[in-house]
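Beneath this line is the structure, given in structure tokens, with notes to follow.
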Amino acid sequence: MNSKHFQFQIIIRLLLITVGLGFLLFYIFEDRNYIRLFFIVIFILSVLIELFYYINRTNKDTKNFLEAILHNDFTLKYSADKKGKSFKKLYDSFNQVNQKFIEASQREANEYQYLSVLVQQLEIGVLSYDDKERIHLANKALKQLLAKDELITLNSIKTISSTLYNSILQLKVGQNELLKVTINGKEFQLSIKASIFKLRETKYTLVSIHDIHTELDNNEMLAWQKLIRVLTHEIMNSVAPITSLSTTLNHFVNQSRVSGQDLTEAQLQSLHEGLDAIQHRSGGLMAFTEAYRSLTRVPLPQIKPVEGQLYFQRVASLFKPTLAQSNIQFHMELPKEAFTLHIDPDLMEQALINLLKNAKEAVEANTGIIRLVVKQPSLLEEKSSSFQISIMDNGGGIPQEIQENIFIPFYTTKSNGSGVGLSLVKQIVQAHKGEISFSVDGSKGTTEFKIKLAVKVLS
């Protein structure tokens, strides 16, 4: 707005009124010319009316401009034609502001359209609803999953699957839940996750719903393929020498039968050694099969509260005697204050002992260091509601080429290993609804296994 020009126009009008009042007083008290008084009064009233109209016109245009902005109406164009030069810059400013809003609205509309197209193209179902369970966004993938073209409220989902409806309402922010539901007679494996955001003082819940059935099938097939490769390798290692030896021994017996002569002392010795080798290898195959049976028969955990300090002291008491004569250092760090774990103490003890035993086998006798560290949720760097149990050793680290295989059943690089230990540990941790991971620091030559357990696990 041209404020200086506006002020100048007001001052001129006020000066005219002042001059008019001066003449009015002069002709009232000095000249007493009533005709001139009449015209002077008319002049003063005209200037006052024009001043009022001038100010009111500016205020009215400003009011209309602001109301248009409040109602998102940026289509108004302001012209100073027949309104005087004093309004030209004011209206030019109005038009420039309108143009800026139009450009901003166009950008917002373009971004909204871009995001809408992006959301619609996602293969993951996306759902957004408010506190009144009104659905504001449901993309194409979600509608295809639910086989429904229109989703108005969450009740629309409830009519399709009450299980999915209840899970969406009960899902906590940031929590990822796996869900098995039946939709229109077809079973789905879904992964759902929720987040909350505010837009124009309204709270919305954004839910992603992903059908992971195909991924689970692919992962299951991959796991089976890896398992079959390991099983085939182990079985062939046992069966091949048994087949070769049995063929050789059968040849000795057949020769003796054909010739009618008794086996020589050397042949008897070879027969004895061959049968002994077959017995030994068969025993190894039986042990391998028994290990497989034990792996597939991990019992369900019997969860109960366990006093943490005493529990880990007991684990340490079981492990320390195995370090006798080896000069391997063992350190354990526990929270100073008392804490409670909700676990199956026997199963978790088996998992921890297995990890400690692996750490012992990885380190050198005189320079080895093994650490067992327990952290409570409040002490964790990341904000989580889980205990963290770390077992770290300086045994050189797990080689890169075998890292992806260490949790595969029966995979082992040890000559006398069964390959069951780490796979069994993973099963036990997962049965506790926990997570196990490992990290290798090549520069320090360390390996660290981390177990995360929820503060409370329901059996």
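Derivation of every value follows stated rules applied to the coordinates shown; laboratory data play no part. Here the structure is a predicted model, which means the values were calculated and not measured. We place every Cβ from the backbone using ideal geometry, glycine too, and count neighbours over all the protein chains shown.
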Can you tell me the equivalent ellipsoid semi-axes for segment 308-370? Use √(5λ) from the Cα gyration tensor, largest first, whole Å. 23, 13, 9
For residue 137, distant residues with modelled amide H under 5 Å away: 128
Can you work out ³J(HN,Hα) from phi for every residue in segment 363-371, in order, using Karplus 6.51 cos²θ - 1.76 cosθ + 1.60 and θ = phi - 60°, giving whole Hz and x for Gly and Pro? 8, 7, 4, 9, 10, x, 10, 10, 10
Of the listed pairs 143/172; 100/203; 198/450; 320/433; 198/336; 203/426, those with alpha carbons more than 32 Å apart are 198/450; 198/336; 203/426
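Hey, could you grab the Kirkwood Rh for segment 88-204? Inverse mean 1/r over distinct alpha carbon pairs, Å, one decimal.
On the way: mean 1/r = 0.0598 Å⁻¹.
Taking every pair of different Cα atoms in segment 88-204, averaging 1/r and inverting gives 16.7 Å.
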Counting only other residues whose beta carbon sits under 10 Å from that of residue 188, what net charge do I get with K and R as +1, D and E as -1? 0
Can you give me the long-range amide H partners of residue 368? Hydrogens built in the peptide plane at 1.01 Å from N, cutoff under 5 Å, separation of 5 or more residues or another chain. 329
Just for segment 114-205, what percent of DSSP beta bridges are antiparallel, to the closest 5? 95 percent
